[in-house]
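To start, the structure under review is shown below, and the notes come after it.
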Amino acid sequence: WALPEELLLLICSYLDAQALGRLGQVCRRLRFLSSRDLLWRRIARGCLNSGFTQLGTDLAAGIPVKERVKVSQNWRHGRCRRETVLKWKCKQVAPFSSTFLMPWMELDGEYLYLSQAENIQAYRLCPDGTGLQRHPQAIFSGHQEDVCRFVLVNSHIVSGGGDGNIVLHKIHGSYSVKFSAHEQEVNCVDFQGGLIVSGSRDRTAKVWSLSAGRVGQCLHTVQTEDRVWSIAISPLLSSFVTGTACCGHTSPLRIWDLESGQLLTSLGTDFHRGAGVLDIFYETPSLLLSCGYDTYIRYWDIRTSTRKCVQEWEEPHDSALYCIRSDKNHMIASGSSYYGVVRLWDKRQTRCLQSFHLSSPTSSPVYCLRFSTTHLYAALASALHVLDFTAP
């Protein structure tokens, strides 16, 4: 103990997680020393969903890093408590039609926003992390048909519906704007930097302005020649990517210039007909994930190649993948079209890490996933499930 604390920390930095845990059992002073975030940060960066991005950014600064490593082990080994927090009845006719309920959700601090039919409802998360409050705190309306997709950015909700309209709500206030956007369903939207991008079944993608005096003005209309299922704006706000149905002879993944609306590049060269892209997720301005009907998760690095993805993972049961999310480090979560299955993937492995069957074999697809460092929420066509990885 005569050594300076800096040297003691340096010595402890050579220990792995198991050794640090054992060291903390010796005495109170060593327990305090071995629990320092500085020692656990290196270990946490190699763990699943520990709150660190690939660039080292800490996304969960309020949670001790040692506790995050403990929870990460539960993610890796599939140890969790399962609960159905909401159920609703729906009439299923055909995928991606206006009569087929496709719940979408977003997490924001203490609230979970969930679309149910033509409304978006805000549910407060219980303080103890056991689920949601039974009744919504707020309801956001404006569509005449089901909400297909919505995004939550800077206290605003932007939604696209089966009625072809886009609706903008301010969460803390009564302000809302509604405008006619497409001739058919608005299957996907994204909102960043005062711009909205939308994609539709009418085979177009559009860029909309939200600047003062130009709210709802269409800046560009992109003819995609195919139904648009997914869309996302690059974090640099310079371009956006569209995922289409792949019913023609063009790549289902294409990147467009946000300022001019011109095609910049296409991703991939060998896609099967009908292998549409149903979800896209940007990790960084140059790294993005895609998934869809061809049952593959693909990891793209546009700095190295636009013709071939840098990594891919195949859904083991040959099911279409409807949604995908990443912790921007090692973990990927995906939702499949059959049996209500959620899978966890480790980018450092080729095989699926964990699988969770959220309902009976006759259940509908998992349409949407959101997760924090401790919970994973999955929305099916009839229920919302939560997996709590802090419980064991």
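The values are calculated or read from the model by the stated rules, or taken from the named source; none is laboratory data. It should be emphasised that the depicted structure is a prediction, and the values quoted were computed from it without experimental measurement. Every residue, glycine among them, receives a Cβ derived from its backbone with ideal geometry; neighbour counts consider all protein chains shown. SASA here: full protein model, heavy atoms, side chains in, ligands and nucleic acids out. Shrake-Rupley method; radii C 1.70, N 1.55, O 1.52, S 1.80 Å.
Miscellaneous remarks
- Working note: Karplus 6.51/-1.76/1.60 with θ = phi - 60° gives the range 221-227 the couplings 10, 9, 8, 7, 6, 7, 5 Hz, where Gly and Pro are set to x.
- Full extension of the chain between Ser155 and Val26 gives 41.7 nm of extra length, using 0.36 nm per residue less the Cα-Cα distance.
- Residues with amide H under 5 Å from that of Leu264, placed H, sequence gap 5 or more: Ile255, Trp256, Asp257
- Amide proton proximity set for Asn187, modelled H, under 5 Å, gap of 5+: Gly199, Ser200, Arg201
- Other residues with beta-carbon under 13 Å from the beta-carbon of Val147 carry, at +1 per Lys or Arg and -1 per Asp or Glu, a net charge of -4.
- Å² of accessible area per residue within the range 5-77, as computed with a 1.4 Å probe and no ligands counted: 59
- For Lys66, the lysines whose Cα falls under 27 Å of its own Cα, not counting residues fewer than eight places away in the same chain, are Lys328, Lys347.
- Among Arg36, Arg76, Arg149, the residue with the largest mean-square fluctuation in a Gaussian network model of the chain, with springs joining Cα atoms closer than 10 Å, is Arg36.
- Difference of contour (0.36 nm per residue) and Cα-Cα distance, Thr350 to Ser176: 58.1 nm
- Across the range 156-289, the convex hull enclosing all Cα atoms gives 105 Å³ per residue.
- The range 27-50 residues near the modelled Ile11 label - backbone nitrogen below 12 Å, point 7 Å along Cα→Cβ: 30
- The range 243-307-the range 13-50 distance, computed between alpha-carbon centres (Å): 41
- Other residues whose C-beta falls under 12 angstrom from the C-beta of Asn119 contribute a net charge of -3, scoring Lys and Arg +1 and Asp and Glu -1.
- Among the trypsin sites (Lys or Arg not before Pro) in the range 179-233, those located in a DSSP loop and surrounded by at most 13 other Cβ atoms within 10 Å of their own Cβ are Arg214.
- Spin-label pair Glu83-His317: with each label point 7 Å from Cα along the Cα-Cβ axis, the two points sit 2.5 nm from one another.
- Sum of side-chain charges, Leu20 neighbourhood, beta-carbon under 11 Å (Lys, Arg +1; Asp, Glu -1): +4
- 3J(HN,Hα) from dihedral phi, the range 274-289, Karplus parametrisation 6.51/-1.76/1.60, rounded to Hz, x for glycine, proline: x, 7, x, 9, 9, 8, 9, 9, 7, 8, 9, x, 10, 10, 9, 10
- Annotation: for a label point projected 7 angstrom from Cα along Cα→Cβ of Glu145, residues of the range 188-226 with backbone N closer than 18 Å are 188-189, 198-206, 226.
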